[in-house]
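Presented below is the structure to which this report refers.
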Amino acid sequence: MIDSFYSPSVKLDHLRCGPLGSHIDGFANLLSDQGYATQTGRQKIRLMSDLSAWLGQRPLGIKDLDEEQIDGFLKRQKKQGLFHRGDRGTLAQLLHHLRQTGIIPSPCKLVSDNPMDRIARDYAHFLSHQRGLSQVTINNYLPTAQRFLEARFGAGKVCLDELRVGDITDFIVHDSSTFCPRRVQLTTTVLRSIFGFLTHEGKIATNLAASVPTVANWRLSELPQFLEPTQIQKLLSSCNQNSPNGRRDYAVLLLLARLGLRAGEVVHLTLENINWAAGEVLIRGKSAREDRLPLLPEVGQALADYLKKDRPACSCRRVFIRTQAPRRGFSGSSAICCILRRALARAHLHPPHKGAHLLRRSLATKMLRGGASLTQIGEVLRHQLAQTTEIYAKVDLVALRALAQPWPGGVR
C-alpha cells in the first residue's frame with residue numbers, strides 16, 4: 001500500500017485527485033512488491049498523481065488512457081520543465097499495471113496484412129506446432145528469416161516462386177563478411193528450415209534447402225576451452241560470501257561448475273524446481289526437455305544460504321532475483337554471462353572465451369580426466385546426440401598420444 005512510502009501522519013488527499021486517484025494504492029503496492037526505495041516510489045506516485053490531475057482537466061475518462069494520452073502528458077511536462085529521466089518508463093509501467101488488473105482495456109492487436117508479416121506469423125506457427133521448437137529458438141530463427149526475405153524482395157512484391165540459388169549464396173556471402181562462422185552457421189540452419197516450411201505449405205514448388213551451402217567451421221577442429229580445477233576454485237573463491245551479491249553469484253557459479261547447467265537453465269530455475277526432501281533439482285532445458293539432477297551438498301548449501309539470507313521478497317517465483325528494483329528474475333542468459341565475466345576479472349583469469357559454457361566444458365573435461373566415459377559425460381550434460389560429446393575425446397591427450405603415428409623422417 002501507499003503507507004510503504006509515506007508515514008501515516010502525512011496527508012495524502014492531494015495525491016488522490018483525478019480519475020486515477022482511487023488506483024494509487026494499487027500502484028504503490030506494486031512498487032513496494034518490486035522493491036523500490038522510498039524516494040523512488042514517491043517520485044513514481046507523484047508522477048501518477050500529476051497524470052491523474054492532467055486527465056481530470058480534459059473530457060477523458062480512465063478508459064481513454066493509452067500511449068497517445070501518455071505522449072500528450074509528457075509533452076506538457078517537457079514544456080513546463082517538469083520532465084525527468086525515467087518518467088516515460090514509469091508511465092509505461094503504470095499502463096501495464098492498469099491493463100493487467102483490468103482497470104483499462106488492453107490495446108487491440110492489429111494483425112498486419114503485409115505479406116512479409118503474414119509469412120513470419122505462419123512460419124512461427126509452423127516452428128511451434130509442427131517442429132515443437134521453444135519460443136527462445138523461434139525468436140532466434142525469425143529475424144534471420146525476415147532478413148533474408150527483406151534482402152531478396154525489399155519493399156517490393158513478395159514472389160516466393162522467384163527465389164533462386166543465387167539469392168541464397170549472395171545472402172550467405174554477405175553474412176560471412178559480417179558475422180563469425182558460428183553465426184553464419186545459424187543463418188544456413190534457418191534458411192534450410194524456412195525453405196522446408198515454404199515447401200510444406202506449397203508456397204514454392206522446389207525445396208531449396210539442399211542448395212544451402214555448408215559453412216567451413218568444423219565442429220571438432222578445435223580443442224574445447226576449459227578451466228583447470230584449481231582455476232575453478234580460484235573463480236569461486238573470488239565471490240565475497242559476506243555480501244548478498246557475492247552469495248548470489250557464488251550459487252550461480254556453482255550451478256554452472258558443478259552441475260554443468262546452461263545459462264538459460266539457471267535463469268529460468270524456479271523455487272518449485274528444487275526438491276529439498278529428495279535432494280534433486282528439476283531442469284527445464286532445450287525443446288521443453290525436463291531432467292532431474294542430484295542437488296550436490298555444496299550446491300544445495302549455497303542455494304539455501306542465498307534463499308534464506310539474500311533473496312528479495314517478491315511475487316516472482318524465479319530462484320535468482322535482481323538486487324535492484326524492479327525485483328524480478330534475470331532478463332536472459334546475458335546476466336549469467338556478466339556474473340561469470342566479473343568473477344573471471346576478480347580472479348585474474350583471462351580465457352579466450354568467457355561465456356557460461358566455459359564452466360560446462362570445464363566440468364566435462366574434469367570428468368573425462370577422472371575416468372568417466374563419453375557416454376557418462378553426455379548423460380550429465382544432457383546431450384541429446386552422442387556426437388555433441390565427441391569433442392571432449394580430444395582433451396584426453398594421454399590416450400591420443402598412444403594413437404599418434406611417428407612423423408615421417410623423424411626420430412624413432
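Structure notes:
- Residue within region 233-240 that is free of Cβ contacts under 8 Å to residues at least 40 places away in the same chain and loosely packed, with under 13 Cβ neighbours inside 10 Å present: no
- Gln100 being of a type in the set (S, T, N, Q), within 25 Å of Gly329 (Cβ to Cβ), touching a Ser or Thr at 6+ places or on another chain (Cβ under 9 Å) and open to solvent by 80 Å² or more (accessible area, probe 1.4 Å): yes
- Exactly one residue out of Leu160, Leu186 is touching a helix residue (DSSP H, G or I) at 6+ places or on another chain (Cβ under 8 Å) and either modelled with pLDDT of 95 or more or closer than 16 Å to Asp122 by Cα (or both), and it is Leu160.
- Those residues of region 27-45 which are open to solvent by 20 Å² or more (accessible area, probe 1.4 Å), among the small types (Gly, Ala, Ser) and touching a helix residue (DSSP H, G or I) at 6+ places or on another chain (Cβ under 7 Å), in sequence order: Ser32
- Residue ID - farthest from the chain's Cα centre (by Cα), chosen from residues in region 163-183 that are of a type in the set (A, V, I, L, M, F, W, C) and within 23 Å of Arg121 (Cα to Cα): Leu163
- Filter result for His129 (without any contact (Cβ under 8 Å) to a residue 12 or more places away in the chain and either in contact with a strand residue (DSSP E or B) (Cβ under 7 Å, 6 or more places away or on another chain) or part of a helix (DSSP H, G or I) (or both)): yes
- Considering residues of region 151-205 that are part of a loop (DSSP other than H, G, I, E, B) and closer than 27 Å to Ala216 by Cβ only, the residue least open to solvent (accessible area, probe 1.4 Å): Leu163
- Residue check, Pro105 touching a residue at least 40 places away in the same chain (Cβ under 8 Å), open to solvent by 30 Å² or more (accessible area, probe 1.4 Å) and in a loop (DSSP other than H, G, I, E, B): yes
Residue by residue, here is whether (1) of a type in the set (A, V, I, L, M); (2) open to solvent by 40 Å² or more (accessible area, probe 1.4 Å) holds:
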position: Arg258; (1), (2): no, yes
position: Arg262; (1), (2): no, no
position: His268; (1), (2): no, yes
position: Ala277; (1), (2): yes, yes
position: Leu282; (1), (2): yes, no
position: Gly300; (1), (2): no, no
position: Ala304; (1), (2): yes, no
position: Arg311; (1), (2): no, yes
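The values are calculated or read from the model by the stated rules, or taken from the named source; none is laboratory data. For clarity, every value in this text was computed on a predicted model and none was experimentally measured. A quick note on method: Cβ atoms are made from the backbone with ideal geometry, for glycine too, and the neighbour counts reach across all protein chains shown. Heavy atoms of the whole protein, side chains included, go into the accessibility calculation; ligands, DNA and RNA do not. Shrake-Rupley method; radii C 1.70, N 1.55, O 1.52, S 1.80 Å.
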